[in-house]
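This report concerns only the one structure given below.
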Amino acid sequence: MSEAAFPVEPARRRRPRLGYLMAAVAAALWGLNGGVSKTILATGLSSERLAQVRSLGAAAGLVAILLVTAPHRLRLTRRELPYLVAFGTGGLAFVQFFYFLAIHRLAIGIALLVEYLAPLLVALWARFVQHAPVRRRIWVALALALTGLGLIVDVFGGESLSTAGLAFAFAGAFAYALYVLLAEHVVAGRDPVSLLAWGFLFASVFWALVVPWWSFPAHALTIDTSLNGTLASHHAPVWLLALWMIVLGTIAPFLLLISALRHVSATTAGIVAMLEPVVGAIVGWLWLRESLDAVQLVGAGIVLFAVGLAQSAR
């Protein structure tokens, strides 16, 4: 899933169209990654192990990029250490973990829409904890989002959704909000790429303590698996899907989004990133044969509008 909340220094020459394109491609890659991750989970690999693989792979890739291009950006101060540890564990690790748990039980589009409540949670934190002024449109967005979610989960009857899946998606939204708040605090003195590199590194350490690497089921990465859904007749090794998840589902979209922030504002990039749940729903429909009925589609549209309204009031 996406995490678009990192302001960077504006480039001397801003190219908004390029920024929009980069942010849109990043959102599309994250949306497609939901289908790839769900296919890996269907092989029996646990959500903890998948989060572990993604964290370590992303950390290794981002650290390697920095070692080649700007090794000095990896320097770490004692003052920022506790924030980076919290960012990596309470933020990145749990965002991924709860997301994988949610998409294992819910359609990808629904899981992403619920997790995209995070911007509204951040607004609530700002108003009631930090006592910062919050625009009226935030409260309108919150009311719309709750209405849309009510339609998505079909509170008025009909086919019920997984209670556990919804709980994990909501937990992911809270973890995402924590991620944003911690990132906003740390990024003032650190560039986004090194922030992500350290974040994924600490997330990797966390998962190594929870599920030690020496007990990792290595054979699970070597087997061939069906791609399921409309691609059920095609097979691929799990390690190749995991590599896609790391490179094209994590490192590439993060770098694209960070590059986009040199050409468009963080708010604009956040609104474009709302394409992720839309792409996720399309991928789930075309690939995994997931579906949303008419009422749920209306609810999804309301939630997307609510998140866009909240982003525009940042």
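The values are calculated or read from the model by the stated rules, or taken from the named source; none is laboratory data. It should be emphasised that the depicted structure is a prediction, and the values quoted were computed from it without experimental measurement. Every residue, glycine as well, gets a Cβ built from its backbone with ideal geometry; the counts of neighbours run over all protein chains shown.
Computed quantities for the displayed model
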quantity: Residue in the range 1-44 that is modelled with the highest pLDDT, counting only those that are part of a loop (DSSP other than H, G, I, E, B) and of a type in the set (A, V, I, L, M, F, W, C); calculated: Ala42
quantity: Lone qualifier among Ala58, Ala111, Ala86, Ala107 - being among the small types (Gly, Ala, Ser), within 20 Å of the chain's Cα centre (by Cα), modelled with pLDDT of 95 or more and closer than 30 Å to Pro217 by Cα; calculated: Ala58
quantity: Test: Ile271 is modelled with pLDDT under 80, assigned to a helix (DSSP H, G or I) and among the hydrophobic types (A, V, I, L, M, F, W, C); calculated: yes
quantity: Pick from the range 118-138, criterion basic (Lys, Arg) and in a helix (DSSP H, G or I), ranking: nearest to Leu195 (Cα to Cα); calculated: Arg127
quantity: Answer from Thr147, Thr225 - the residue that is farther than 24 Å from Gly88 by Cβ, touching a helix residue (DSSP H, G or I) at 6+ places or on another chain (Cβ under 9 Å), in a helix (DSSP H, G or I) and not hydrophobic (A, V, I, L, M, F, W, C); calculated: Thr147
quantity: Check on Leu84, over 30 Å from Ala281 (Cα atoms), surrounded by 16 or more Cβ atoms within 10 Å (Cβ to Cβ), in contact (Cβ under 8 Å) with a residue 60 or more places away in the chain and touching a helix residue (DSSP H, G or I) at 6+ places or on another chain (Cβ under 7 Å); calculated: yes
quantity: Selection from the range 64-117 of residues that are part of a loop (DSSP other than H, G, I, E, B) and touching an Asp or Glu at 6+ places or on another chain (Cβ under 7 Å); calculated: Ala107
quantity: Answer residue from the range 42-62, given it is surrounded by fewer than 18 Cβ atoms within 10 Å (Cβ to Cβ) and either of a type in the set (Ser, Thr, Tyr) or in contact (Cβ under 8 Å) with a residue 12 or more places away in the chain (or both) and is nearest to Phe174 (Cα to Cα) among those; calculated: Glu48
quantity: Single match in Ala141, Ala164, Ala175 (criterion: exposed (fewer than 15 other Cβ atoms within 10 Å of the Cβ) and in a helix (DSSP H, G or I)); calculated: Ala164
quantity: Among the residues listed as Ala236, Ala177, Ala218, Ala208, the single one being aliphatic (A, V, I, L, M) and closer than 30 Å to His72 by Cβ; calculated: Ala208
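Residues are listed down the side, and each one gets a yes or a no for (1) within 28 Å of Leu257 (Cβ to Cβ); (2) modelled with pLDDT of 90 or more; (3) touching a Phe, Trp or Tyr at 6+ places or on another chain (Cβ under 7 Å); (4) among the hydroxyl-bearing types (Ser, Thr, Tyr):
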position	(1), (2), (3), (4)
Leu151	no, no, no, no
Val155	no, no, no, no
Val193	yes, no, no, no
Ser204	yes, yes, no, yes
Thr225	no, yes, no, yes
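Residue-wise test of (1) out of contact with any strand residue (DSSP E or B) (no Cβ under 9 Å at 6 or more places or on another chain); (2) modelled with pLDDT of 80 or more; (3) charged (D, E, K, R).
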{"position": "Val238", "(1), (2), (3)": "no, yes, no"}
{"position": "Ala252", "(1), (2), (3)": "yes, yes, no"}
{"position": "Leu261", "(1), (2), (3)": "yes, no, no"}
{"position": "Thr267", "(1), (2), (3)": "yes, no, no"}
{"position": "Gly280", "(1), (2), (3)": "yes, yes, no"}
{"position": "Asp293", "(1), (2), (3)": "yes, no, yes"}
{"position": "Gly308", "(1), (2), (3)": "yes, no, no"}
{"position": "Ser312", "(1), (2), (3)": "yes, no, no"}
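Conditions (1) outside any loop (DSSP other than H, G, I, E, B); (2) more than 19 Å from the chain's Cα centre (by Cα); (3) closer than 29 Å to Ala132 by Cα, marked per residue:
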site: Phe206; (1), (2), (3): yes, no, no
site: Ser233; (1), (2), (3): no, yes, no
site: Ile258; (1), (2), (3): yes, no, yes
site: Ala281; (1), (2), (3): yes, no, no
site: Glu290; (1), (2), (3): no, yes, no
site: Val295; (1), (2), (3): yes, yes, no
site: Ala306; (1), (2), (3): yes, no, yes
